[in-house]
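Here's the structure, in structure tokens; my notes come after.
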Amino acid sequence: MSIEIRNLNYTYGAGTCFEAHALQNISFTIPDGQFMGIIGHTGSGKSTLIQHLNGLIRPSSGDILYNGVSIYSENFSMRELRQNVGLVFQYPEHQLFEESVLKDVCFGPKNQGLTAEECEERAREALILSGVPQELYDSSPFELSGGQKRRVAIAGVIAMHPKVLVLDEPTAGLDPSGRDEILGQIRELHRKTEMAVVLVSHSMEDVAEYVERIVVLNDGAVYCDGTPREVFRQYKALEELGLAAPQVTYIMHALKDCGLPVDPDITTMEEATDEICRVMGVEDAS
Ligand code: ADP
Ligand code: MG
């Protein structure tokens, strides 16, 4: 599986006084199995971009290739594409509606035409992968906490066995512990399945710790694309775009400025701990 985005442009309200060029000449590829982040401040075009990935929005110009085939070509099956590219919208808990958690997660596989047993099997597997405790399966989704609702919504998408899971701001509105839990769960999901995961966020802090690669969007265009290390090396330029680097980047640069010979281009707490221990000549006790 790969998704190639080629010279994508999208304009809202073209030809009206509300015209907004939301995406400008976007090109990049999402390879099979990658865990990547799409970062940009509010209004940079993230949500518009990802709605193209499963054909919900048609570009003003440009193309999207799924496994090398244009998704706009004549015989291309959008239905199949939507099964393979699972989109979890922002605040997905607003779309829960069934009377029980288990039924809600069965909804997607049911639409795929699977039997009742197959649906339940898929739903149970997805709920486990999403970290929803079994005692909640018969509860109403509306009785759950914010974090649990979100896990159920994610389970509803992964029950369809997509090859790519796209999550639009999955931590929006969660407190810091809810945020860490959901991101940790998404990392586990990626480890345990073959899925490519696209994590969309306006927070560097969210993605730095988790993803293999980051595409930074600014004003509807790709500003940079690389590993977290490559991207955060430009943290001063990113600040000018209103995107702060993760706290750990600032700490490492401050230590270097104080004369500690650390490698400042570090993006996760784990690497920072190792690096500080290394230059201090002590064993990491954790
Ligand atoms: P993000 O998800 O990064 O916050 P969006 O994709 O929602 O960004 O928005 C990108 C740009 O498109 C913004 O300037 C926004 O105001 C504009 N936009 C988004 N949705 C619409 C819409 N339905 N109609 C008109 N303009 C829109
Ligand atoms: Mg958005």
For a quick check of your reading of the model, give me the residue pairs whose first member lies in region 15-41 and is touching a residue at least 24 places away in the same chain (Cβ under 8 Å), whose second is of a type in the set (Asp, Glu), with beta-carbon atoms closer than 7 Å and at least 6 apart or on different chains. Phe28/Asp225; Thr29/Glu4; Gly33/Glu194; Gln34/Glu212; Phe35/Glu212; Met36/Glu212
Identity of the residue in region 161-192, of a type in the set (A, V, I, L, M, F, W, C) and farther than 16 Å from Ala208 by Cα, that ends up surrounded by the most Cβ atoms within 10 Å (Cβ to Cβ): Val166
Could you please let me know if Gly62 is within 16 Å of ligand 1 (Cβ to nearest atom) and closer than 26 Å to Ser201 by Cα? yes
Conditions (1) away from ligand 1 (no atom under 16 Å from the Cβ); (2) on the phi > 0 side of the Ramachandran plot; (3) not in a loop (DSSP other than H, G, I, E, B); number of the one not met by Gly33: (3)
Quick one: which of Glu120, Glu93 is modelled with pLDDT of 95 or more and of a type in the set (D, E, K, R)? Glu120
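Okay, residues lined up against (1) among the hydroxyl-bearing types (Ser, Thr, Tyr); (2) within 16 Å of ligand 1 (Cβ to nearest atom); (3) part of a strand (DSSP E or B):
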residue	(1), (2), (3)
Gly173	no, yes, no
Glu181	no, no, no
Val198	no, yes, yes
Glu205	no, no, no
Val215	no, yes, yes
Check whether at least one residue in region 47-55 is within 18 Å of Val200 (Cα to Cα) and modelled with pLDDT under 95, and report yes or no. yes
Return the pairs, sorted by first residue and then second, in which the second residue is within 16 Å of ligand 2 (Cβ to nearest atom) and among the hydrophobic types (A, V, I, L, M, F, W, C), the first residue lies in region 166-178 and is over 14 Å from Ser203 (Cα atoms), the beta carbons are less than 9 Å apart, and the residues are 6+ apart or on different chains. Val166/Ile38; Val166/Ile50; Val166/Leu53; Val166/Leu87; Val166/Val88; Val166/Val198; Val166/Leu199; Val166/Val200
Residues of region 249-268 being among the acidic types (Asp, Glu) and in a loop (DSSP other than H, G, I, E, B), in sequence order, are Asp263, Asp265
Here is a list: Gly156, Gly184, Gly173, Gly178. Which entry is within 14 Å of ligand 2 (Cβ to nearest atom), more than 12 Å from the chain's Cα centre (by Cα) and not hydrophobic (A, V, I, L, M, F, W, C)? Gly173
Give Ser140, Ser100 a once-over and let me know the one that is in contact (Cβ under 8 Å) with a residue 40 or more places away in the chain and more than 21 Å from Ile182 (Cβ to Cβ). Ser100
Residues to consider are Val157, Val105, Val132; find the one that is over 26 Å from Asn54 (Cα atoms) and surrounded by 17 or more Cβ atoms within 10 Å (Cβ to Cβ). Val132
What tally of residues in region 237-263 results from selecting those that are surrounded by fewer than 16 Cβ atoms within 10 Å (Cβ to Cβ), more than 16 Å from Ile39 (Cα to Cα) and modelled with pLDDT of 90 or more? 8
Quick one: Ile154 ticks every box in (1) assigned to a helix (DSSP H, G or I); (2) without any contact (Cβ under 8 Å) to a residue 12 or more places away in the chain except a single one, so which number is it? (2)
Of the listed residues (Ile38, Ile50), the one being part of a strand (DSSP E or B) and not aromatic (Phe, Trp, Tyr) is Ile38
Which residues, taken from region 218-248, are small (Gly, Ala, Ser), part of a strand (DSSP E or B) and in contact (Cβ under 8 Å) with a residue 40 or more places away in the chain? Ala221
Given the options Leu49, Leu53, name the one that is within 13 Å of ligand 2 (Cβ to nearest atom), under 30 Å from Ser130 (Cβ atoms), under 22 Å from the mean Cα position of the chain (by Cα) and buried (at least 18 other Cβ atoms within 10 Å of the Cβ). Leu49
Are any of the residues in region 201-219 more than 13 Å from the chain's Cα centre (by Cα), away from ligand 2 (no atom under 15 Å from the Cβ) and polar (S, T, N, Q)? no
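The values are calculated or read from the model by the stated rules, or taken from the named source; none is laboratory data. Predicted model only: the values in this text are computed from it and were never measured. Every residue, glycine among them, receives a Cβ derived from its backbone with ideal geometry; neighbour counts consider all protein chains shown.
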